[in-house]
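Notes to accompany the following structure.
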Amino acid sequence: MERSHLAQLLSGADEVQVLPRAALAAGVEYEVWPEGVATQHLVSIYERRERGTRRSGQPSLGFAEALNVLRSYDGTELAIGFVDDRRRGGYYFQLFLDSKCSSIVACFGIKAT
């Protein structure tokens, strides 16, 4: 996926979309894998990761909200990707896109500790 297209998909005004969009504009590393992954499998994985993140006190942005969106998503598969702004002191953003990679379903950020 082209950088500019991913930035367009991150069109929201909330911090969890503004920050990765700005990071993309700054040229950070990113990747989107268009192969579908079962939504329920992703929910299970990221529920465990969110609990671990909360227990360890690792800063995150929008993690619980993204999980709520994923739990209620009616699609059977999602594509996943990331925007990595850690080198600039920012977050590692995990992206979940619809199966056609035409919209961002959910996104959250994890700060390195």
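The values are calculated or read from the model by the stated rules, or taken from the named source; none is laboratory data. As the structure is a prediction and not an experimental result, all values here were calculated from the model. Cβ coordinates were reconstructed from backbone atoms using ideal geometry, including for glycine residues, and neighbour counts include every protein chain displayed. Just so you know, the surface numbers come from the protein's heavy atoms only, side chains and all, with ligands and any DNA or RNA stripped out. Shrake-Rupley method; radii C 1.70, N 1.55, O 1.52, S 1.80 Å.
A compact table of results
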read-out	value
Flag for LEU19 being farther than 15 Å from GLY89 by Cα and crowded, with 19+ Cβ neighbours inside 10 Å	no
Enumerated strands (runs of 3 or more DSSP E) restricted to the range 26-113, each holding at least 2 residues that are crowded, with 19+ Cβ neighbours inside 10 Å and under 14 Å from the mean Cα position of the chain (by Cα)	77-84, 91-97, 104-111
When residues of the range 1-14 are limited to those that are at pLDDT 95 or above and either open to solvent by less than 70 Å² (accessible area, probe 1.4 Å) or of a type outside the set (S, T, N, Q) (or both), the one farthest from LEU61 (Cα to Cα)	GLU2
Near pairs, Cβ below 9 angstrom, 6+ apart or cross-chain, from the range 1-20 (closer than 16 Å to GLU31 by Cα and assigned to a loop (DSSP other than H, G, I, E, B)) to any residue that is of a type in the set (Lys, Arg) and modelled with pLDDT under 95	none
Which numbered condition PRO59 fails, given (1) touching a Lys or Arg at 6+ places or on another chain (Cβ under 6 Å); (2) in contact (Cβ under 8 Å) with a residue 60 or more places away in the chain	(2)
